[in-house]
Amino acid sequence: MGPVLLFLIIVVVAPLTLAIVDSLRDLSLTLLTKRGQYIGLDNFRDLIGADNKFYIAVAHTTIFVAVVVPIEFVLGLSMALWINREFAGRRLVLTILMIPTMIAPVVVGMIWRFLLMPSFGVLTIYLNRIGLFEEASVFSGSVSAFAALMMIDVWEWTPFIMLIMLAGLSAMPAAPVEAATIDGASRWQILRHIQLPLLRPLIIIALMLRAIDASKIFDTIHVLTGGGPGNATEVIATYAYRTNFLKWNLGYGAAICLVLAFASLIIAALFYKVVSGKPGDTVVP
């Protein structure tokens, strides 16, 4: 296990330690007065106590996660239930459905930037024909830009949920479903009382992974809006990037990144508690 432990120390422990150390310093590459002096928890006090832009980014991130994750789960589960049967071209359909998830997020952003390009975008042309966004682009309005980013995230990551649910459905024992069918249970009753309880461990994993990943979204937003217009699509990750690599305020930026990491842990814990229920719970069909 030595090589694995060494790899984890290099790529996880060392950067985390450096971030913790920097978050306790007044460090900037643009201001001569901030040369790395130790200031304790002042960065965290300023961030949590007086930074309105940070709270706007937190609100946007929370809304983003709360909207896209449930939609992706419902659509992914529905697609998995539909494709979990034998039909001609099943493998081809599954491969096509998985394409959005296999594309790098930066490339996804560039694809949708081309599709929604003002006046010349393929989708923009059809939107203009029905009277939408004739005088402005999709990303010029705060509501439309944020809604478009959520739609793109759903398009990209719903197949990920579908693949996890499909794996669970494929490995599920057939006997309970067959017995319920013989007893006259409807498809909804089978789904509610048999399939969903058996899928519970995979549901927990899928929701936690997507919630954590959605809370750290950066690539697509950076390519498409950069956090704009104004700060309408600013999330924690883009705010941390702007602080670290545009303002070069590394101490304050490290504090933002640590808060994001802590928030990801909270999201994971909340999803686990809500979805998994209390230990020892049983589901009676």
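The values are calculated or read from the model by the stated rules, or taken from the named source; none is laboratory data. Since the model is a prediction, treat every value here as computed from it, not as a measurement. FYI the Cβ positions are ideal-geometry reconstructions off the backbone, even for glycines, and counts take in every protein chain you see.
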Yes/no for Leu8 being hydrophobic (A, V, I, L, M, F, W, C), at pLDDT below 90 and surrounded by 15 or more Cβ atoms within 10 Å (Cβ to Cβ): no
Among the residues of the range 58-83 satisfying the criterion of being buried (at least 16 other Cβ atoms within 10 Å of the Cβ) and either aromatic (Phe, Trp, Tyr) or part of a loop (DSSP other than H, G, I, E, B) (or both), which is nearest to the chain's Cα centre (by Cα)? Phe64
Output for the range 110-162, where each listed residue is over 23 Å from Thr61 (Cα atoms) and among the acidic types (Asp, Glu): Glu134, Glu135
Within the range 164-197, track down each residue that is surrounded by fewer than 18 Cβ atoms within 10 Å (Cβ to Cβ) and within 28 Å of Leu265 (Cβ to Cβ). Ala167, Leu196, Pro197
Could you identify the single residue in Glu178, Glu234 that is over 26 Å from Ser78 (Cβ atoms) and either in a loop (DSSP other than H, G, I, E, B) or of a type in the set (Asp, Glu) (or both)? Glu234
From Arg200, Arg210, residue being of a type in the set (Lys, Arg), surrounded by 19 or more Cβ atoms within 10 Å (Cβ to Cβ), at negative phi and in a helix (DSSP H, G or I): Arg210
Considering the range 15-57, residues that are assigned to a helix (DSSP H, G or I) and among the acidic types (Asp, Glu), and then whichever is nearest to Leu258 (Cα to Cα), we arrive at Asp22
Within 22 Å of Asn244 (Cα to Cα), at pLDDT below 90 and of a type outside the set (S, T, N, Q): does that describe Ile56? no
Say whether the condition of being closer than 30 Å to Leu127 by Cα, among the small types (Gly, Ala, Ser), modelled with pLDDT of 90 or more and part of a helix (DSSP H, G or I) is met by at least one residue in the range 148-164. yes
Just one of (1) at pLDDT 90 or above; (2) over 22 Å from Asp42 (Cβ atoms) trips up Pro229, so point out which. (1)
Test result for Pro229, surrounded by fewer than 20 Cβ atoms within 10 Å (Cβ to Cβ), on the phi < 0 side of the Ramachandran plot and either part of a helix (DSSP H, G or I) or touching a Cys at 6+ places or on another chain (Cβ under 9 Å) (or both): no
For the range 120-129, state whether one or more residues are of a type in the set (A, V, I, L, M, F, W, C) and under 25 Å from Val93 (Cβ atoms). yes
If I filter the range 122-136 for residues that are without any contact (Cβ under 8 Å) to a residue 40 or more places away in the chain, under 15 Å from Gly230 (Cβ atoms) and assigned to a loop (DSSP other than H, G, I, E, B), do I get at least one hit? yes
Restricting to the range 214-225, name every residue that is modelled with pLDDT of 90 or more and not β-branched (Val, Ile, Thr). Ala214, Phe218, Asp219, His222, Leu224
